């Protein structure tokens, strides 16, 4: 599809371990510029801090000619999006959080969970690493997508730095146009937790999709329409 406006575009930040290719079906329907970001290779990112994740993205954006940016953040990408929005206040004009983690009071990803669970998750991540077992990926991330796509997710899953989960954002919800896309069948971040994330983000709009954790695969057409509706109102 031809690009109708090069002054505003989408910056996509997917969840932990996922490749930017998960957005491919969504991108086919977007007549706007977009920028995809992949995590650094596993050999180099084991000690990468949240600040370094964010600065890597900022450096990529600095080479992009688009003037204004709408960040599309999925899952733990919401944590990174908060940092990036703060770093790039002169260019970021919107934030769309898709089943995303939005800590309050400058907290970390783990801080979104109740204390006993967050402590247990911290211990598990430190002892066993940030790549979940295949069964957990299937049941959590891939609960409603085809087997072929599930296999791609598992085969290409990237090991992330522990810091992505534990570092404090030290920033609050940005003062830009915001939307939260709630995923009603999400097995990773359940409805109660997403309601908490919505409260933390304080979005201008809330949209609900009857889907699991990866709507960019299971409901790509509907998600594209949601993104277009959001940006068209700003364009």
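The values are calculated or read from the model by the stated rules, or taken from the named source; none is laboratory data. For clarity, every value in this text was computed on a predicted model and none was experimentally measured. Here the Cβ is made from the backbone with ideal geometry for all residues, glycine too, and neighbour counts use every protein chain on show.
Numbers at a glance
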item	result
Leading residue by the ranking (nearest to residue 34 (Cα to Cα)) among those in the stretch 86-125 that are without any contact (Cβ under 8 Å) to a residue 40 or more places away in the chain and touching a strand residue (DSSP E or B) at 6+ places or on another chain (Cβ under 8 Å)	91
Qualifying residue in the stretch 171-193 (condition: in a helix (DSSP H, G or I) and more than 26 Å from residue 85 (Cβ to Cβ))	no
Breaking point among (1) assigned to a loop (DSSP other than H, G, I, E, B); (2) surrounded by fewer than 19 Cβ atoms within 10 Å (Cβ to Cβ); (3) modelled with pLDDT of 95 or more; (4) on the phi < 0 side of the Ramachandran plot, for residue 158	(3)
Residue match in the stretch 31-40 (condition: within 27 Å of residue 167 (Cα to Cα), modelled with pLDDT of 95 or more and within 15 Å of the chain's Cα centre (by Cα))	yes
Residues located in the stretch 109-120, provided they are out of contact with any helix residue (DSSP H, G or I) (no Cβ under 6 Å at 6 or more places or on another chain) and either in a helix (DSSP H, G or I) or more than 20 Å from residue 168 (Cβ to Cβ) (or both)	111, 112, 115, 116, 117, 119, 120
Count of the stretch 119-147 residues which are modelled with pLDDT of 95 or more, buried (at least 17 other Cβ atoms within 10 Å of the Cβ) and over 19 Å from the mean Cα position of the chain (by Cα)	0
Residue match in the stretch 199-216 (condition: touching a residue at least 24 places away in the same chain (Cβ under 8 Å), in contact with a helix residue (DSSP H, G or I) (Cβ under 6 Å, 6 or more places away or on another chain), surrounded by 14 or more Cβ atoms within 10 Å (Cβ to Cβ) and assigned to a helix (DSSP H, G or I))	yes
Residue identified as over 28 Å from residue 48 (Cα atoms) and out of contact with any strand residue (DSSP E or B) (no Cβ under 6 Å at 6 or more places or on another chain) among 195, 188, 134, 160	195
Pick from the stretch 161-170, criterion closer than 25 Å to residue 137 by Cβ and not in a helix (DSSP H, G or I), ranking: modelled with the highest pLDDT	167
Output for the stretch 217-232, where each listed residue is farther than 14 Å from residue 97 by Cβ, touching a strand residue (DSSP E or B) at 6+ places or on another chain (Cβ under 8 Å) and touching a residue at least 24 places away in the same chain (Cβ under 8 Å)	231
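Results for (1) touching a helix residue (DSSP H, G or I) at 6+ places or on another chain (Cβ under 9 Å); (2) surrounded by 22 or more Cβ atoms within 10 Å (Cβ to Cβ), shown as yes or no for each residue.
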| site | (1), (2) |
| --- | --- |
| 16 | yes, yes |
| 20 | no, no |
| 23 | yes, yes |
| 27 | yes, no |
| 47 | yes, no |
| 50 | yes, yes |
| 62 | no, no |
| 70 | yes, yes |
| 96 | yes, yes |
